[in-house]
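Comments concern the structure below.
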Amino acid sequence: MTELLEKLDAYKKEIDAVTAENEKQVEEFRIKYLGTKGLVKSIMGEMKNVAPERKKEAGQILNEFKQFVETKYETLKAASTNSEHTASSIDLSLPADDFPIGSRHPVALMRNRIVSIFQRLGFAVAEGPEIEDDWHNFGALNLPAHHPARDMQDTFYVQTNPDWVLRTHTSSVQIREMEKGKLPIRMLMPGRVYRNETVSARSHCFFHQVEGLYIDENVSFADLKQTLYFFVKEMYGKDVKVRFRPSYFPFTEPSAEMDVTCFICGGDGCNICKKTGWVEILGCGMVHPNVLSNCNIDPNKYTGFAFGMGIERPAMLKYGVKDLRLFSENDVRFLKQFTGAI
Ligand code: PHE
């Protein structure tokens, strides 16, 4: 046993001192020490000469030795591959590899801009399903059964279940938030919506919206106006003018549409604003009491406002995109133009 230990010590010293310049020498090391006729194998063979009561101890010692050789082999191997690269094949004067940078989609860029402005006012983001039931997309929003917006012309129904639709607006997420019963609510609902419209340069069967909802005690139309004024100034600049036109949405009362002075011609009249000097950017209003009751919110205690805007149109105007279809065709030549934009 002592003899064996001495022998192993000597081998360890020898192996420790081994160096390898290249892969060939590493392989020679492997064959000499770890190969089928190598040193480790033959030493293992000496186990049979060890007295039975010491076999366990000897086994451990031999295993440690084997591991020691294997570790040495791995070290040599790693060192030789590294040195081959650093020493010979890398030209440190070459310029660094190019890392291709991806680009954000222009609709995502515009959505982020809109969302970040409202986030500064304390609005949080909420999301919901794109396949909705009739109640969340229509019923709870005070859309009576005969309302034209429920017409098959505008809405995609899920064939296997007529109670399901592809949501036509993200107002459905407003209902889901109100149903949670946690007040006050100050939420933004960005997302994709679907309408059965002929695809052309100016309309598409799906597009994106950001809607907003603010519900608390004593929320008034003045709050709505101030919030949207702030948004418009941040989004389109200090000089832009705003006007509200009375409008109708089943889920808000009173309802309005908001126009801003055309940010292309500054109000003088151009093709974008159809010579009117104004561009419509969103719909809004005070949440209808029926909608609040539908969500178990007491309309005598709470009031709120809601608004909704499309994302594609401002994105088209900002980035000079002339055809809505470009947003969904995934043409890399188009998308690449937004590299680095934030
Ligand atoms: N849901 C409306 C639409 O899709 C937008 C809107 C939201 C209008 C909230 C008023 C209040 O057209």
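The values are calculated or read from the model by the stated rules, or taken from the named source; none is laboratory data. Predicted model only: the values in this text are computed from it and were never measured. Here the Cβ positions follow ideal geometry from the backbone for every residue, glycine too, while neighbour counts run over all protein chains shown. Side chains included, ligands, DNA and RNA excluded: accessible areas come from the protein's heavy atoms. Shrake-Rupley method; radii C 1.70, N 1.55, O 1.52, S 1.80 Å.
Points worth noting:
- Of note, K225 does not satisfy the criterion of being free of Cβ contacts under 8 Å to residues at least 12 places away in the same chain and of a type outside the set (F, W, Y).
- Of G310, G320, G266, all but one fail to be under 30 Å from the mean Cα position of the chain (by Cα), at positive phi and either assigned by TED's automatic domain parsing to the domain that holds A201 or in contact (Cβ under 8 Å) with a residue 24 or more places away in the chain (or both); the exception is G320.
- Hits in the stretch 210-245 - residues which are aliphatic (A, V, I, L, M), part of a strand (DSSP E or B) and within 13 Å of the ligand (Cβ to nearest atom): V210, L213, I215
- Y236 vs. criteria aromatic (F, W, Y) and closer than 24 Å to I297 by Cα: no
- Taking the listed residues A145, A96, A140, the one that is open to solvent by 20 Å² or more (accessible area, probe 1.4 Å), assigned by TED's automatic domain parsing to the domain that holds H204 and farther than 22 Å from P314 by Cβ is A145, with no other qualifying.
- For the stretch 103-197, the helices (runs of 4 or more DSSP H) that sit wholly inside it and include 2 or more residues that are over 16 Å from P250 (Cα atoms) and either among the polar types (S, T, N, Q) or in contact with a strand residue (DSSP E or B) (Cβ under 8 Å, 6 or more places away or on another chain) (or both) are 106-119, 171-179.
- The stretch 110-152, subset within 29 Å of the chain's Cα centre (by Cα) and charged (D, E, K, R), residue farthest from the ligand (Cβ to nearest atom): R120
- Subset of the stretch 207-231 [surrounded by fewer than 16 Cβ atoms within 10 Å (Cβ to Cβ) and not polar (S, T, N, Q)]: D216, E217, F221, A222, Y229, F230
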